[in-house]
Amino acid sequence: MHDLLLWLEATAVSTWVRESGSLWAYPTVLAAHTVGMSLLVGANAALDLRLLGVAPQVPLGPLAVMFRALWTGAALSIASGLLLFGADASTKGATPVFLVKLGLVAAALVVARRLRRTIYRPGTNAVAIPLSAKALAVASLLLWAGAITAGRFMAYLTPGPS
Amino acid sequence: MFTPELQSFAAWLHETGPSQWVRYWPWTWAVCETLHFIGLSLLVGIVGLLDLRLLGFLPRIPLPALRPLLPYGIAGFVINAVTGVIFFVGTPEQYVTNISFGMKMLFIAISGLNVLYFETTHGQRALTIGPDEPMPAAFKIAGAISLASWLMVLYWGRMLPYIGNAF
């Protein structure tokens, strides 16, 4: 495993992200990671708030497109996250808080998927929000807050570039 | 421009009690950064949704129905303004002559003026927009300015350590 991470770290693209010093390398990838996160977490949080009773006049049907924003943000975060991980793989791979972050992100994405299925099941009355959807919305907000916390603390609990 | 004045202001602020207090506890920075990122997600999620609606997307959602979400977006902004002031007070020297910081503040100002102008001139009209009603051009412009300038705020905030000297 460690050898694999060292190999990943030594690839041309990882070396470029880490060492080129270009604004298009580490800084731009990091900015894309932040924009992706804000889209992913922001869209999900807006949905969660609606399900928890904020803005009850907003019809749930058209709000389904929020999932498109959510998955677009997820794709951007994952793609940029892979590049950031590659640049620093052997250190990040051995950092507990990074593994905690990955676990929380994975759990939050699973919750987002289940949330969609719970609300938009065919034949479901779109106006009534089942209690299970509210529980998922609370779990979603807590998991994202946890994932952001773990992500930020990586910069302070890991040696190397933040 | 004003560089010596800004630097002496930063040096003075750096020695004040509040500034020393921010730097006293080593985890203040990490905790405030975490809150700053949670706040920005809330802000982008809620304000971005409103902007998309102003631009004419999601036509089946009546614009006034989205209004109750706004306080949560404002809460995100307040969290970030407070933590932002804490960062600035703690280490003013890394911001006062930082071009990224200047750009970030510029785009926050543009966003703020945009929303103030929109609320004062079109706020009442916005409450009457029903589903599938075409958006007036002024609404689309306000939504586009907001979306673009918040994206710029995020970008320049992220560039603070790279086009500039902050961490």
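The values are calculated or read from the model by the stated rules, or taken from the named source; none is laboratory data. Only a predicted model underlies this, so the values are computations on that prediction, with no experimental measurement involved. Using ideal geometry, Cβ is built from the backbone for each residue, glycine included, and neighbour counts are taken over all protein chains shown. Ligands, DNA and RNA are excluded from the accessible area calculation, which covers all protein heavy atoms including side chains. Shrake-Rupley method; radii C 1.70, N 1.55, O 1.52, S 1.80 Å.
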**Message:** Just to be sure I understand the rule: take each whole DSSP H helix in chain A, project its Cα atoms onto its long axis, keep it if the span is 30 Å or more and its mean Kyte-Doolittle hydropathy is at least -1.0. Which ones pass?
**Reply:** A:26-51, A:66-87, A:96-119, A:131-157
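Residue by residue through B:59-69, how many Cβ atoms from other chains fall within 10 Å of the Cβ on average?
5
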**Asked** Rounded, prolate or oblate: which one fits the protein assembly as shown, using the alpha carbon gyration tensor with axes a ≥ b ≥ c (rounded when a/c is under 1.5, else prolate when a/b beats b/c, else oblate)?
**Response** oblate
**Message:** Can you order the peptides B:120-131, B:88-99 by their average number of other Cβ atoms within 10 Å per residue, highest first?
**Reply:** B:88-99, B:120-131
**Request:** Work out the mean other chain Cβ neighbour count within 10 Å for the residues of A:48-55 and drop it here as an integer.
**Result:** 4
**Asked** Do the sum for the protein assembly as shown: with -39,500 (n - 2.57) for every DSSP H run of n ≥ 4, divided by all residues, what is the mean residue ellipticity at 222 nm, to the nearest 500 deg cm²/dmol?
**Response** -24500 deg cm²/dmol
**Message:** Just want the answer: with Cβ charges of +1 for Lys and Arg and -1 for Asp and Glu, which residue in B:PHE37, A:LEU70, B:LEU151 is farthest toward the dipole's positive end in the protein assembly as shown?
**Reply:** A:LEU70
**Message:** Among B:SER8, B:ILE110, B:LEU52, which residue has its Cα furthest toward the positive end of the charge dipole of chain B, with +1 on Lys/Arg Cβ and -1 on Asp/Glu Cβ?
**Reply:** B:LEU52
**Request:** Would you be so kind as to identify all helices of chain B, as entire DSSP H runs, whose Cα atoms reach 18 Å or more along the helix's own axis and whose mean Kyte-Doolittle hydropathy is at least 1.6?
**Result:** B:70-90
**Asked** Is the range B:3-60 rounded, prolate or oblate when judged by the Cα gyration tensor, a ≥ b ≥ c being the square roots of its eigenvalues, rounded requiring a/c under 1.5 and prolate requiring a/b larger than b/c?
**Response** oblate
**Directionally averaged shadow of the range A:64-158, computed from the convex hull of its alpha-carbon atoms, nm²** = 6.5 nm²
**Prompt:** Over the heavy atoms of A:LEU4, what accessible area does a 1.4 Å probe trace out, to the nearest 10 Å²?
**Reply:** 100 Å²
**Asked** How many Cβ atoms of partner chains, on average, are near each residue of A:58-64 if near means within 10 Å of its Cβ?
**Response** 5
**Cross-link reach list, lysines versus B:LYS140, counting only Cα pairs under 29 Å and skipping chain neighbours closer than eight places** = B:LYS104
